[in-house]
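For reference, the structure discussed in these notes is given below.
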Amino acid sequence: MNGVLKKLAAVSLGLLFLTGTALAETIVIKGSTTVLPIAQVALEAYMKAHPGVNISLSGGGSGDGIKALIDKSTHIANSSREIKASEIDLAKSKGVAPTETVVAVDAIVPIVHPKNKVRDLSIDQLSQIYQGKISNWKDVGGEDLKIVVISRDSSSGTFEAWGEMVLHKAKVAPRAQMQASNGAIVQAVSKNRYAIGYVGLGYLNRSVKALTVGGVPATAANAIAKTYPVSRPLYMYTDGKPTGETARFLKFVLSPAGQNLVEKAGFVPVTKAKKPAKTRK
């Protein structure tokens, strides 16, 4: 009899577990590796406060996130660039209405190895380095060493933003080493005395040295004031106006608690530079 009761109890617990799993709501988030740390700290706090909610998060780049939104395989697409007109047209053809929410402000920061003597580069110098027109550090006040150019891959929103604001749509030199994430760039630059790369503000650490651009440091105040020349908003895109748990999660990200997490992640809260959500048409 005791054995039967134990079996019934086990079955009941199993059914309770399965029912709880089935009822748990899931939010899928994909896209930008720049926005990834923001989404990570936000989802950890949100899931702790809402145990019945599961949130799946993956990177891959802004382009991949927007593609997933268009294909209806994600609830939220993280992006470090604004959605393109061609992507909006494709989304519309599939019945998707991309709606953007600005969740933070970021600065794209050129980084070098800590032993590199260079401290500042102008936009023009950065452009020429990435186009391959300047190939030695001595030409920009450094040592007589060949510059190793490290860039994000073409699916990255940071790559596109850098291309517009620094390269003015000129092509990156073929010899540039392309990396799939901000973290990979930090790692590559930290191990190569001759390297230069660029990352989002939240990825800066002591293993690399941040350069000023035109004498202006990449700070929160300068990004908000737009005095730092390579700053941009960070986005979370949804299909139409978000509803249900997705809407509640985005509301949390924009709340004082959520924006405090944005700041702790190393990015700039949108408190003073907030742009309302809108449907791109």
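The values are calculated or read from the model by the stated rules, or taken from the named source; none is laboratory data. Values in this document were obtained by computation on a predicted structure and should not be read as measured data. Note that we place each Cβ from the backbone using ideal geometry, even for glycine, and neighbour counts take in every protein chain shown.
Matching residues to (1) surrounded by fewer than 17 Cβ atoms within 10 Å (Cβ to Cβ); (2) at pLDDT 95 or above; (3) within 30 Å of Asn54 (Cβ to Cβ):
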site	(1), (2), (3)
Ala180	yes, no, yes
Tyr198	no, yes, no
Gly202	no, no, yes
Lys209	no, yes, no
Pro217	yes, yes, no
Ala225	yes, no, no
Ser231	no, no, no
Tyr235	no, yes, yes
Asp239	no, yes, yes
- Query: Hey, any hits in the range 44-53 for a residue that's crowded, with 20+ Cβ neighbours inside 10 Å, at pLDDT 95 or above, assigned to a helix (DSSP H, G or I) and acidic (Asp, Glu)?
  - Reply: no
- For the range 172-181, does any single residue satisfy the condition of being of a type in the set (S, T, N, Q) and assigned to a helix (DSSP H, G or I)? no
- Note on the structure: Only unsatisfied item for Ile196, checking (1) over 18 Å from the mean Cα position of the chain (by Cα); (2) assigned to a helix (DSSP H, G or I); (3) among the aliphatic types (A, V, I, L, M), is (2)
- Query: Do we find a residue being closer than 22 Å to Ser79 by Cβ and either of a type in the set (A, V, I, L, M, F, W, C) or more than 19 Å from the chain's Cα centre (by Cα) (or both) anywhere in the range 205-217?
  - Reply: no
- Item | Options Val186, Val253; residue that is closer than 21 Å to Gly157 by Cβ, modelled with pLDDT of 95 or more, assigned to a helix (DSSP H, G or I) and in the same structural domain as Met165 (by TED's automatic domain parsing) | Val186
- Query: Has the range 124-139 got at least one residue that is in the same structural domain as Tyr203 (by TED's automatic domain parsing), over 17 Å from Val213 (Cα atoms) and of a type in the set (Ser, Thr, Tyr)?
  - Reply: yes
